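Chemist: Starting off with a structure, shown below.
The values are calculated or read from the model by the stated rules, or taken from the named source; none is laboratory data. All values derive from a computational prediction rather than experimental measurement. Every residue, glycine as well, gets a Cβ built from its backbone with ideal geometry; the counts of neighbours run over all protein chains shown.
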Amino acid sequence: MVLSGAGDALGYRGSLWEYCPSGPQIQAELAALGGLAALRVAPPDWPVSDDTVLHLATAEALATGLSGDALLQELARRYVEAMGDMEGRKPGPTSILGTSQLRPGQPGGHRIPFNPTGTGCGAAMRAMAIGLRYPRPTDLPHLIRVSVESGRMTHHHPTGYLGALAAALLTALAVQGVPPEQWGARLLQTLPLAQAYVRDAGGDVAPNMEAWADFPERWARYLAERGLATGSGPARFPEPYGPAERDVAYTALSLDGWAGRSGHDAPMIAYDALLGAGASWDQLCARAAFHGGDSDSTAVIAGCWWGVTHGLDGVPPGNHAHLEYRARMVEAADRLHALAWGSAPAAGPS
């Protein structure tokens, strides 16, 4: 949770880097600041963005221990509430629209209509905590339901809410210790289960099925390019693959020319960064947080996965010790861990 927030704040830099189109420019500005180790990530210069505010809303809703429809209503309530904390955080238009349509507390109030343009990354960027709450292989049905339903509370389009499934599932696989080279293939294996869930759960089934294929097709192409289609590694990267080359590659993955903005490519770029970074926090940030495009949304996801895998080892204390809302992140994480791994089972399906 903490390194997810750190990644977000670093990639955002008070909106200066989220809206910068050039990775080389960002990395030159970082060098002028003294490099990653010199940064004291804290407001006012380094606030968290809407990504972390909404990720905390997910985590704190899950931390209540609620399940079933009560959990979905709580998620909807907290997403609406979180929109009151967006001054200077640049929430996306689809998140603003979606939360305005939610009616928490009313029957079915966590559902909004299908949105043909709801393809953005706003569902993916807030879903990692779902994998922390439901980390076991036996939790997969719960993880699918909560990630899909929480995702389509604002992004009711497969490209949008399957990004939430990807962020949550890959977090759970990290917790399980599954080698990262296998994660993408495991995601593709899980998508038919998610499709069956959406079909059976109802709610604009026809347009969801019509729009379904693009997400798995894009992920399958990416995995083939990296040599990971069968889940065996190592990942295969282009040579060279520096900041300028990554900008080109990441943009090629996007829907609209802005890397990381969509539900499929925000977790995809985060995954690419994790695969290439090894055990180096500096490399993870270079690849996930300091690129042209929606850099806070890719880094908020990658930071969580890196944290699950490596903890705080090798992370400069200034990158996280004074982070905005750090105490809330720690409290929510402790509660999620207790719920996920405690002796008492969760109360009913969620």
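Chemist: Return the residues of region 303-333 that are farther than 14 Å from D8 by Cα and hydrophobic (A, V, I, L, M, F, W, C); say none if nothing qualifies.
Modeler: Within region 303-333, V308, L312, V315, A321, A327, V330, A332, A333 meet the criteria.
Chemist: So the check is Cβ under 8 Å with 6+ separation or different chains; which pairs have a first residue in region 19-43 that's more than 25 Å from D313 (Cβ to Cβ) and a second one that's among the basic types (K, R)?
Modeler: G23/R246
Chemist: Write out, first by first residue and then by second, each pair whose Cβ atoms fall under 7 Å of each other, whose residues are 6+ apart or on separate chains, and whose first residue, in region 161-175, is in contact (Cβ under 8 Å) with a residue 24 or more places away in the chain while the second is of a type in the set (S, T, N, Q) and part of a helix (DSSP H, G or I).
Modeler: A164/S147; A164/S150; L165/S147; A168/S147; L169/T190; A174/T309
Chemist: Give all pairs with beta carbons closer than 7 Å in which a residue from region 326-350 that is crowded, with 16+ Cβ neighbours inside 10 Å and outside any loop (DSSP other than H, G, I, E, B) meets a residue that is charged (D, E, K, R) and at pLDDT 95 or above; count only pairs at least 6 apart in sequence or on separate chains.
Modeler: Note: pairs meeting the criteria are A332/E60; L336/R133; L339/R133; A340/R133.
Chemist: Restricting attention to region 95-111, which residues are within 24 Å of W46 (Cα to Cα) and either in contact (Cβ under 8 Å) with a residue 24 or more places away in the chain or crowded, with 19+ Cβ neighbours inside 10 Å (or both)?
Modeler: S95
Chemist: Given the conditions (1) under 18 Å from G303 (Cβ atoms); (2) in contact with an Asp or Glu (Cβ under 7 Å, 6 or more places away or on another chain), report the number of the one that T64 does not fulfil.
Modeler: Here T64 clears every test but (1).
Chemist: Moving to a separate point now. Count, please, the residues in region 235-286 that happen to be part of a helix (DSSP H, G or I) and either of a type in the set (G, A, S) or out of contact with any Pro (no Cβ under 7 Å at 6 or more places or on another chain) (or both).
Modeler: So the count comes out to 26.
Chemist: Looking at the structure I just gave you, is G202 among the small types (G, A, S) and modelled with pLDDT under 95?
Modeler: Yes, satisfied.
Chemist: Could I ask something else about it? Say whether the condition of being assigned to a helix (DSSP H, G or I) and not aliphatic (A, V, I, L, M) is met by at least one residue in region 30-49.
Modeler: Looking through region 30-49, none of the residues is assigned to a helix (DSSP H, G or I) and not aliphatic (A, V, I, L, M).
Chemist: Related question: If a residue must be buried (at least 24 other Cβ atoms within 10 Å of the Cβ), among the aliphatic types (A, V, I, L, M) and touching a helix residue (DSSP H, G or I) at 6+ places or on another chain (Cβ under 6 Å), how many such residues does region 62-81 contain? Spell out how you get there, then give the answer.
Modeler: Of region 62-81, the ones buried (at least 24 other Cβ atoms within 10 Å of the Cβ) are 62, 71, 75-76, 79.
Checking the rest, the ones that are also among the aliphatic types (A, V, I, L, M) come to 62, 71, 75-76.
Pick out the ones that are also touching a helix residue (DSSP H, G or I) at 6+ places or on another chain (Cβ under 6 Å) and you get 62, 75.
The number of residues fulfilling the criteria is 2.
Chemist: On to the next question. I'd like to verify a number: residues in region 227-253 that are crowded, with 20+ Cβ neighbours inside 10 Å and without any contact (Cβ under 8 Å) to a residue 60 or more places away in the chain, how many?
Modeler: So the answer is 3.
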